[in-house]
Amino acid sequence: MKRSFKILAFAGYLALTLTLLNLNVSEKTQAQFLSNDLVVHEWGTFTSIAGKNGVAIDWRPLTGTSDLPTFVYTSADKKGWRGSYHDPGKGRVAKVRMETPVIYFYTAKAMEVDVKVAFPSGSITEWYPQAGWANARFESGINWGKIKLLPNETPDYLREVADSHYYPARQTDSVAIQVCSADKTRIEREKFLFYRGVGDFELPLKVKLNGANVVLNTTQEKYSSKGNPGRNITNLILF
């Protein structure tokens, strides 16, 4: 009997290095997760550049040389989307670069899950394996649809001669995943779901230098910790 669960991950409106996963599921589905011993981890970061006033400024995050294997899909590659594609262009101006989120799955039982990632005010620019879309314009997220979790298999994953920090991300005890094209002619296996993107939204935090001091502040009153205690900064890593 096939098991199918819906997993909804939201990536957006975060300013620091944070975990991005937010499972929006019913109590019934949560009980199914527990009964099937399914654990899902998502990890990733955002990069922004602050001006002298500490507020994030526009920049071109896609103009650099790619550090990914060539089999990773990009928004300019027709093969990556099922049916069509969207190309924001390498010269696109944005405030935020969503850096390499990966989603890992841990389970002792083979099963199928539906995975969709929402990225409000943003677009997905790189991903692997192949995916569907989040809406009609292929923006605001990515939808892998139904994928298989293969806890008892160790596939031969794609690997190129050139080294890449993409490959060490496979060194976990997460299970293999399998994604098929709609007509089953293209089958891809990987250790995780991988994606990157760019966004154009206001960050809740201002960061600027005052001599040797780093000054942190909120960008709007609505983000203030007085009016919204949930916005308190409890942990911070400064390089």
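The values are calculated or read from the model by the stated rules, or taken from the named source; none is laboratory data. Everything numeric in this text was worked out from a predicted model, so none of it was measured. Reconstructed Cβ throughout: ideal geometry from the backbone, glycine too, with neighbour counts over all protein chains shown. The accessibility values were calculated without ligands, DNA or RNA, using every heavy atom of the protein model including side chains. Shrake-Rupley method; radii C 1.70, N 1.55, O 1.52, S 1.80 Å.
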When you go through (1) assigned to a loop (DSSP other than H, G, I, E, B); (2) under 30 Å from residue 238 (Cα atoms) one by one for residue 196, which number turns out not to apply?
(1)
Given the conditions (1) more than 18 Å from the chain's Cα centre (by Cα); (2) in a loop (DSSP other than H, G, I, E, B), every one holds for residue 148 apart from (2)
Just the residues that are modelled with pLDDT of 85 or more and open to solvent by less than 50 Å² (accessible area, probe 1.4 Å), please, taken from the stretch 21-46.
38, 40, 42, 44, 45, 46
Could you please tell me which pairs satisfy a Cβ distance under 6 Å, a separation of 6+ or placement on different chains, a first residue in the stretch 161-184 that is without any contact (Cβ under 8 Å) to a residue 60 or more places away in the chain, and a second residue that is open to solvent by 10 Å² or more (accessible area, probe 1.4 Å) and part of a strand (DSSP E or B)?
176/150; 176/189; 178/148; 178/150; 178/189; 179/188; 180/187
Taking residue 142 and the conditions (1) touching a Lys or Arg at 6+ places or on another chain (Cβ under 8 Å); (2) touching a residue at least 60 places away in the same chain (Cβ under 8 Å), which numbered condition does it fall short on, given that it satisfies the others?
(2)
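A quick yes/no check of all residues on (1) under 25 Å from residue 38 (Cβ atoms); (2) over 16 Å from the mean Cα position of the chain (by Cα):
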{"site": "120", "(1), (2)": "no, no"}
{"site": "128", "(1), (2)": "yes, no"}
{"site": "159", "(1), (2)": "no, yes"}
{"site": "173", "(1), (2)": "yes, yes"}
{"site": "181", "(1), (2)": "yes, yes"}
{"site": "190", "(1), (2)": "yes, no"}
Quick check: is even one residue across the stretch 98-119 open to solvent by 50 Å² or more (accessible area, probe 1.4 Å) and either farther than 22 Å from residue 190 by Cα or at pLDDT below 85 (or both)?
no
Residue 139, sole failed condition from (1) crowded, with 18+ Cβ neighbours inside 10 Å; (2) modelled with pLDDT of 90 or more; (3) assigned to a loop (DSSP other than H, G, I, E, B)
(2)
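Output the residues belonging to the stretch 174-187 that are modelled with pLDDT of 95 or more and not aliphatic (A, V, I, L, M).
174, 178
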Quick check: anything in the stretch 196-210 at pLDDT 80 or above, under 23 Å from residue 114 (Cβ atoms) and open to solvent by less than 50 Å² (accessible area, probe 1.4 Å)?
yes
